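Report on the structure given below.
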Amino acid sequence: MEPAAPRALPSGLATALVFFASGAVLVLEIVALRLVGPYVGVTLQVSSSVIGISLAAIAYGTWLGGRLADRYDPRILLAPALLLGAITTALTLPLVRWGGEILRGGAAPAVLLLAAMAVFLPAFLLAAITPLTVKLQLGDLRRTGEVVGRLSSFGTLGAITATLGTGFIFVAAMPSSWIILTLAGLLAVAGFGLGWWLRRRDPALAVPGRPRTRAVLVTVGLVGSGLGASAPTPCDVETAYHCARVDADPRVPGGRTLILNSARHSYVDLDDPTHLEFAYVQWLGALVDIQKTGGAPIDALHLGGGGFTVPKYVAHTRPGSKQVVLELDGGLVDLDRRELGLTTGPDLRVRVGDARVGLAAQPTGAYDLVVGDAFGHLVVPWHLATREMAADIARVLRPGGMYAQNVIDYPPDRFIRAELATVAAVFPHVALIAPKDALDGKIGANFVIVASPSPLPLEEIRSHLDLVDEPVELVSGAALDTFVGGARVLTDDYAPVDQLLAG
């Protein structure tokens, strides 16, 4: 029996190489979602595009790596794969940030192209490392299953470790640009280190490419890193969930607009909390005004904080009100405190965390008003749009309390119809506030759903809506039933919110 051929790489080094390369791909995939979000939003379609492009890159890279491993000595390809991965990783930032300005919007081709710019090339190159390494370690055919199984398992563990580390640690501790550039640097160090070690072990190994070619590649990598560091960023602050920016209003000295992932999310007047700029916020303000009588304090729960425009309005117009705001993004709350005049205390408390989880912890029958204004880019997160969510909102409302939910939709208005059907499945009294052109299916717009366990004061609501800047309709009864039509109720088991919004 012939002795087994010696392995080209020590077992520990081969394992570490596969672990690192697989982990790097997952870091790129997660950060890619944050890089493209400011330009095309953070929707199910965007997430699906990034994941799909990443999987395609892994599939093609693994296939190519296996082909090359059969034709060439894998030892001369491993270090170049790492170095090319470093270069293309560094180029990701300028590609996305310059390309994003051109491809801005939510069209499917733009989303796919931007996702490819963000992740395909480096993931493609790094995916080739695993089959190259496996080929080197197959010195004894009797142990093929053991070698392939071990390296595959450690590649998966690397991906899991990178996923958890990026999601729980890196994103919270570093801007996306730093994560990308740090990863590019680590890949470059690993490539140079592995190349040096292999050449030292076997001086006869030829490094592919002419010296001029290698110099060009190094230059491209350095230029890519420089362009990435200097590329325009749409963020003043990058939180764990948003690319956030605050723009001053040149017309109003205290006016500030909060931009989240390229969308105008909130408007705050630092000098006048009663200045409600956006139309839908004026509608919410009208609903606040009809609560109780004589400006009496109310207890209000807000699902989503944003710029805290409505909580500030309640605090100013109804002193002594007790309010709780459930806001997912703690970094956004910090930005509000620094730049948008947010002051919290016993009368205005903020609970950082998911709105549905926070809602479940609220006492029964505790609130006069619940305002739903939580968005993932332009769409209500699906788990906040279901019948089960509406039932929990009904639980925390007092018998005469009111639920006001902001929804964005576009013709043919499939989401708002489904959401109305969903809310009506829980609340016996429901109405809808919207511009007439939006109700007629001519334009996309904000809609505000109004619901209560008790009869709604429709005439009082209409009289207050007459005071807002733009004409608006209040639809209820048979007219609302006609608008909803046969829309399906959304549940925790069935809530294709992104698809309904896409129309």
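The values are calculated or read from the model by the stated rules, or taken from the named source; none is laboratory data. Note that this is a predicted model, so its numbers are computed, not measured. Quick reminder, even Gly has a Cβ in these numbers, built from the backbone with ideal geometry, and neighbours come from all protein chains shown. Areas reflect the complete protein model, heavy atoms only, side chains present, ligands, DNA and RNA absent. Shrake-Rupley method; radii C 1.70, N 1.55, O 1.52, S 1.80 Å.
Our coupling estimate for the range 435-446, obtained by passing each phi through the Karplus curve with A = 6.51, B = -1.76, C = 1.60 and θ = phi - 60°, is x, 4, 4, 5, 5, 7, x, 8, 9, x, 6, 7 Hz, Gly and Pro reported as x.
Go through Lys436, Lys312 and list them by solvent-accessible area, largest first, probe radius 1.4 Å. Spell out each step's value before the answer.
Working: Lys436 110, Lys312 35 Å².
Ranked from most to least accessible, the order is Lys436, Lys312.
Across the protein chains, with a 1.4 Å probe defining accessible surface, the residues Thr491, Thr62 rank Thr62, Thr491 from largest area downward. To the nearest ten degrees, helix 44-71 and the longest principal axis of the Cα atoms of the chain are 10 degrees apart.
Here's how it looks for His429: its modeled amide H is under 5 Å from those of Ser452, which are all 5 or more places away or on a different chain.
Can you compute the charge dipole magnitude of the range 255-299 about its Cα centre, using +1 on each Lys and Arg Cβ and -1 on each Asp and Glu Cβ, nothing else charged? Give it in debye, rounded to the nearest 20. Could the numbers behind the result be given before it?
Numbers: 3 positive and 6 negative charges, 32 e Å.
With only Lys, Arg, Asp and Glu charged at Cβ, the dipole is about 160 debye.
Put simply, the amide H of Gly105, placed in the peptide plane, has neighbours under 5 Å in Val40, leaving out anything fewer than 5 places away on its chain. In the chain, the DSSP beta bridges split such that about 65 percent are antiparallel, to the nearest 5.
Gain on full extension, evaluated as 0.36 nm per residue between Ala172 and Glu146 minus their Cα-Cα distance, stands at 5.6 nm.
Using a simple spin-label model with pseudo-atoms 7 Å out from Cα toward Cβ, Thr161 and Glu459 lie 7.1 nm apart. Only lysines eight or more places from Lys436 in sequence, or on another chain, were considered; none has a Cα closer than 18 Å. Each residue of the range 250-260 was assigned a 3J(HN,Hα) from its phi angle through the Karplus expression (A = 6.51, B = -1.76, C = 1.60, θ = phi - 60°), giving x, 7, 10, x, x, x, 9, 10, 8, 9, 10 Hz with x at Gly and Pro.
Taking 19 Å as the straight-line reach from the Cα of Lys292, the aspartates and glutamates in range (excluding those fewer than 8 positions away in the same chain) are Asp347, Asp368, Glu459, Glu460.
Put a dot 7 Å past the Cα of His316, heading toward its Cβ, do the same for Ala108, and the two dots end up 4.5 nm apart. For the chain, take the longest principal axis of its alpha carbons; what is the angle in degrees between that and the long axis of helix 279-289, to the nearest 10 within 0 to 90? So the inclination is approximately 50 degrees.
Accessible surface comparison of Asp289, Asp413, probe 1.4 Å, protein chains only, largest first: the order is Asp289, Asp413. Put +1 on the Cβ of each Lys and Arg and -1 on the Cβ of each Asp and Glu in the range 249-363; which of Gly305, Ser321, Trp283 then has its Cα farthest toward the positive end of the dipole? Comparing the listed Cα positions along the dipole, Ser321 ranks first. Once the Cα atoms are used to define both axes, helix 108-127 deviates from the longest principal axis of the chain by about 30 degrees. Judged by the gyration tensor of its Cα atoms, with axes a ≥ b ≥ c, the range 339-478 is rounded; a/c sits under the 1.5 cut.
Would you compute the Debye intensity of the range 444-503 from its alpha-carbon atoms alone, equal scatterers and no solvent, and pass along log10 I(q)/I(0) at q = 0.13, 0.27, 0.29 Å⁻¹ to two decimals? Each listed q maps to, in turn, -0.51, -1.29, -1.34.
Placing +1 on the Cβ of every Lys and Arg and -1 on the Cβ of every Asp and Glu, with no other charges, gives the range 42-119 a dipole of roughly 20 debye about its Cα centre. Spatial offset of the range 233-297 relative to the range 406-470 amounts to 20 Å, using the alpha carbon center of each. Given a 1.4 Å probe and the protein chains as shown, Trp196 ends up with an accessible area of around 150 Å². Taking amide H as placed 1.01 Å from N in the peptide plane, the amide H of Leu348 sits under 5 Å from that of Gln323, each at least 5 places away or on another chain.
What is the range 236-296 by shape, rounded, prolate or oblate, if you read a ≥ b ≥ c off the alpha carbon gyration tensor as root eigenvalues and call it rounded for a/c under 1.5, prolate for a/b larger than b/c, and oblate otherwise? Show your work: numbers first, answer last.
Working: a/c = 2.74, a/b = 1.78, b/c = 1.54.
Prolate.
Charging the Cβ of each Asp and Glu at -1 and of each Lys and Arg at +1, and nothing else, the dipole of the chain about its Cα centre rounds to 2600 debye.
With unit charges on the beta carbon (Lys/Arg positive, Asp/Glu negative), name the residue among Pro455, Val489, Leu432 whose Cα is farthest towards the positive pole of the charge dipole of the range 399-491. Value computed over the given set: Val489.
Going by the alpha-carbon gyration tensor, a ≥ b ≥ c the square roots of its eigenvalues, is the range 263-398 rounded (a/c under 1.5) or, if a/c is not under 1.5, prolate (a/b greater than b/c) versus oblate?
Details: a/c = 1.43, a/b = 1.10, b/c = 1.30.
Rounded is the answer for the range 263-398, as its axis ratio a/c remains below 1.5.
Phi-derived couplings, Karplus 6.51 cos²θ - 1.76 cosθ + 1.60 at θ = phi - 60°, listed residue by residue for the range 31-40: 5, 4, 4, 7, 6, 8, x, x, 9, 10 Hz, with x used for Gly and Pro. Between the range 104-158 and the range 1-71, the alpha-carbon centres lie 3 Å apart.
Relative contact order for the range 65-189 using alpha-carbon pairs under 8 Å, separation at least 6, rounded to a whole percent? Walk me through the intermediate numbers first.
On the way: 94 pairs, mean separation 53.2, N = 125.
The normalised contact order for the range 65-189 reaches 43 percent.
Relative contact order of the chain, taken over Cα pairs closer than 8 Å and 6 or more residues apart, is 13 percent. Taking the charge dipole of the chain about its Cα centre, with +1 at Lys and Arg Cβ atoms and -1 at Asp and Glu Cβ atoms, the residue from Val268, Val119, Gly400 reaching farthest to the positive side is Val119.
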